[in-house]
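Here's the structure we're looking at; comments come further down.
The values are calculated or read from the model by the stated rules, or taken from the named source; none is laboratory data. Everything numeric in this text was worked out from a predicted model, so none of it was measured. Positions of Cβ are backbone-derived with ideal geometry, glycine not excepted, and every protein chain shown enters the neighbour counts.
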Amino acid sequence: MEEEKNIAEETLKKIKEDNIRPYPKWCFACKNYSFWILFFISAFLSALSTSVLVHVVFEDELYAEADDIFQGTSPYFPYFWLASVVLFILFLYVAFTKTKNSYKFETWFVATALILLILILAALCWQIGLGIVVHQIFSP
Amino acid sequence: MEEKNNISEKNDQELVKLALGNQEYYGYLIQRYQDKLKRYITRLSGGRQEDANDILQDVFIKVYKNLNDFDLDLKFSSWIYRIAHNETITFLRKINRRPTTYNFELDAVLVKNLKAELNVDVEKEIDQKIMAEDVSKIISSLDKKYQDVLLLRYMEDKDYSEISDILKKPPGTVATLLRQAKDQFKKEIAKNSHFS
């Protein structure tokens, strides 16, 4: 019992002696907002990559003229954009699992929700022509 | 001062708010949780009393530093248990000693809970066929993921939602793990009864 009392006393003593203070609220708020801003920027970039990918595969003349488009070995296949989509989705998934309440959701639910989010954003980007613009910027 | 007289009537959330303004109130929260957490940490670390005090102090300091990050939607006890769980695992990893089993001593609480939930008359089984230490051995022989949930459910008396918050696993996964753990335990206890 004495030992237990000591733990409380020792802890409070250490807090006072080392002048330990709770981290301020704004620290956590900043961390939180920065995270979500980064998360949505990544989601947007992922959607943008998807819309470029869709544009190249379904609309680009050079790619459409290639004979082996379905072999997956076409030199015109947008590997860079495909890799970019995959990497961003993986990043978004890992980032989401680090959030406070992510553990409440099953893996399949998170994965489905992320893919849906990317597809919706990608459809928007494609609709307003962002996919074409980005493709033209990066085309030689 | 008037508030300090009514401290036992205050819930954890109210004490957290008070502790943010005056660290003396944090002492009351420590007193409220030190016994439970020490027992939990001792069980998690495989019964090493000497480590438990060090870990416990680190837990209370970490909790104090992060008081402003406490989510009021969560139960304070779940939050502090989660920190205690993580700190213990980190401590054991640091000293390169992750116990393969937890310290499941067959105490009255465990017997009562196992009896009620598993529909197994543990006391009778122990008296007639197997020794108390065999029950500990059976639980210890289960997978670590099962031991985690069994420890929280039957020794710390936590409900599914609290276990989910402490272990950061979806509630559905916790329910599945508990069901599988109970099935395995029943199988093992039957096997032991058969051979004795």
* Is it fair to say residue B:89 is of a type in the set (A, V, I, L, M), surrounded by fewer than 17 Cβ atoms within 10 Å (Cβ to Cβ), farther than 21 Å from residue A:18 by Cα and assigned by TED's automatic domain parsing to the domain that holds residue B:12? -> yes
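Output the residue which, of all residues in the stretch B:55-72 that are outside any helix (DSSP H, G or I) and more than 9 Å from chain A (Cβ to nearest Cβ), is farthest from residue A:26 (Cα to Cα). Even if it seems obvious, please write down each step before you answer.
Of all residues in the stretch B:55-72, those outside any helix (DSSP H, G or I) come to B:66, B:70-72.
Remaining after also requiring more than 9 Å from chain A (Cβ to nearest Cβ): B:70, B:72.
Numbers: B:70: 13, B:72: 16 Å.
This residue is B:72.
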* Asked: Could you count how many residues in the stretch A:22-49 are within 14 Å of another protein chain (Cβ to nearest Cβ) and in contact (Cβ under 8 Å) with a residue 12 or more places away in the chain?
  -> 1
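Would you say residue B:34 is within 18 Å of residue A:16 (Cα to Cα), modelled with pLDDT of 85 or more, in a helix (DSSP H, G or I) and within 14 Å of chain A (Cβ to nearest Cβ)?
Numbers: within 18 Å of residue A:16 (Cα to Cα): no; modelled with pLDDT of 85 or more: yes; in a helix (DSSP H, G or I): yes; within 14 Å of chain A (Cβ to nearest Cβ): yes.
No, not satisfied.
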* Search the stretch B:1-17 for residues being at pLDDT below 80 and among the charged types (D, E, K, R), and hand back the single one that is surrounded by the fewest Cβ atoms within 10 Å (Cβ to Cβ). => B:2
* Asked: When the stretch B:37-54 is examined, which residues are found to be over 10 Å from the mean Cα position of the chain (by Cα), surrounded by fewer than 22 Cβ atoms within 10 Å (Cβ to Cβ) and away from chain A (no Cβ under 11 Å)?
  -> B:46, B:47, B:48, B:50, B:51
